[in-house]
Amino acid sequence: MINILFGGNYKVFDGILLCLLSMSKHTDEPINVFILTADVTSLNPEYRPITNDKIDLLDKIIKSKNPESKVQLITLGDEFNDWIKKSQNKLSIYTPYTFLRLFADKIPEIPDKIIYLDTDIMINGDIKELFDIDISDYELGVVKDRYGHIFINYKYFNAGMLLLNMKMIKQTKLFDRVKEMCINKKMGFPDQTALNKCAKKKLFLPRKFNEQGPLQKDTIVQHFSKRIKWFPFFHTQNIKPWQIDLVHSVYKWHQYDDIYEEYIKIKQTNSAN
């Protein structure tokens, strides 16, 4: 069984749905999915948790691919909200939901080994290849950040995909140290930078496990992260997997059209917004 971790509010449903549809397409293994959420409406009325009806739908969909697969919702409460209020990074370019993963070590249901994925990711190969990598001597497996390893530090990694050894993370108190740094220091890329600073035992993996640019022949995990374009003038692109028209018109990508067809049908059938 492959263990997968997501985090977010009600707005991440489309991203998780697309990721799981693409993941299910490429693996025969059952997928054990944990979704972390929280009510953070004290900061913003839009920070509402993902709801059980959405989880039930995701569970039904991946069970149709493999009856042994399952989706579980875990809602964080006062501990998360109290920490967010103390953090210097509670208001940043990211929502507070990026920090949910830092509480995974406090949740008994989370298994010893799990893949964390951002919700703007599509899968283009068997995720089992990633999950089967031995990280027993490491806190986490990571891929270098496309731009950060050039402009920040040559070992700077992207936190959109993390292969987590939860057993060691609990021993080294990695997430506790990251959370402490996020409380005390304002950062441009909050927990990603803190993870880079605090993680001592990390295994660098090939870029095919977190491809942050165009699809390559060997890509397993494609991350729709922000891209820098230098020509004809400097600008950025931040197109997400669910922005299908832009994926087609700007990126000219059609490799996920069969997934998009299934996604649209599910949305129409279930009147999901």
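Values computed for the structure shown
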read-out	value
For Leu164: the one exception among (1) under 18 Å from the mean Cα position of the chain (by Cα); (2) open to solvent by 20 Å² or more (accessible area, probe 1.4 Å); (3) not aromatic (Phe, Trp, Tyr)	(2)
Residues of region 1-25 classified as of a type in the set (A, V, I, L, M) and part of a loop (DSSP other than H, G, I, E, B), total	1
Residues located in region 212-229, provided they are open to solvent by less than 70 Å² (accessible area, probe 1.4 Å) and either hydrophobic (A, V, I, L, M, F, W, C) or more than 18 Å from Lys128 (Cα to Cα) (or both)	Gln212, Gly213, Pro214, Leu215, Ile220, Val221, Phe224, Ser225, Arg227, Ile228, Lys229
Residue within region 92-105 that is assigned to a loop (DSSP other than H, G, I, E, B) and open to solvent by less than 20 Å² (accessible area, probe 1.4 Å) present	no
The lone exception for Lys85 - which of (1) part of a loop (DSSP other than H, G, I, E, B); (2) open to solvent by 70 Å² or more (accessible area, probe 1.4 Å) it fails	(1)
Any helices (runs of 4 or more DSSP H) falling wholly within region 154-204 and containing at least 2 residues that are of a type in the set (S, T, N, Q) and closer than 23 Å to Pro108 by Cβ	166-172
Of the criteria (1) touching a strand residue (DSSP E or B) at 6+ places or on another chain (Cβ under 7 Å); (2) open to solvent by 10 Å² or more (accessible area, probe 1.4 Å); (3) under 24 Å from Ile220 (Cβ atoms); (4) touching a residue at least 60 places away in the same chain (Cβ under 8 Å), which one Glu109 fails	(3)
Filter result (part of a loop (DSSP other than H, G, I, E, B), farther than 14 Å from Leu17 by Cα, in contact with a helix residue (DSSP H, G or I) (Cβ under 9 Å, 6 or more places away or on another chain) and open to solvent by less than 50 Å² (accessible area, probe 1.4 Å)) within region 234-264	Ile239, Trp253
Filter result (crowded, with 18+ Cβ neighbours inside 10 Å and either in contact with a His (Cβ under 6 Å, 6 or more places away or on another chain) or among the polar types (S, T, N, Q) (or both)) within region 19-55	Ser22, Ser24, Thr27, Asn32, Thr37
Filter pass, Ile114 being closer than 17 Å to Leu163 by Cβ, open to solvent by less than 30 Å² (accessible area, probe 1.4 Å), among the β-branched types (Val, Ile, Thr) and in contact with a Ser or Thr (Cβ under 6 Å, 6 or more places away or on another chain)	no
Residue among Val178, Val221 that alone is of a type in the set (A, V, I, L, M) and under 21 Å from Ile2 (Cβ atoms)	Val221
Subset of region 126-161 [in contact with a Lys or Arg (Cβ under 6 Å, 6 or more places away or on another chain) and open to solvent by 10 Å² or more (accessible area, probe 1.4 Å)]	Tyr138
Any hit, region 191-211, residues being more than 19 Å from Ile135 (Cβ to Cβ), charged (D, E, K, R) and either at pLDDT below 95 or touching an Asp or Glu at 6+ places or on another chain (Cβ under 8 Å) (or both)	yes
Residue in region 26-37 that is among the polar types (S, T, N, Q), assigned to a helix (DSSP H, G or I) and under 28 Å from Asp257 (Cβ atoms) present	no
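The values are calculated or read from the model by the stated rules, or taken from the named source; none is laboratory data. The model shown is predicted, which means the values in this text are computed figures rather than measured ones. Note that each Cβ is placed from the backbone with ideal geometry, even for glycine, and that neighbours are counted across all protein chains shown. Surface areas here come from the heavy atoms of the whole protein model, side chains and all, with no ligands, DNA or RNA. Shrake-Rupley method; radii C 1.70, N 1.55, O 1.52, S 1.80 Å.
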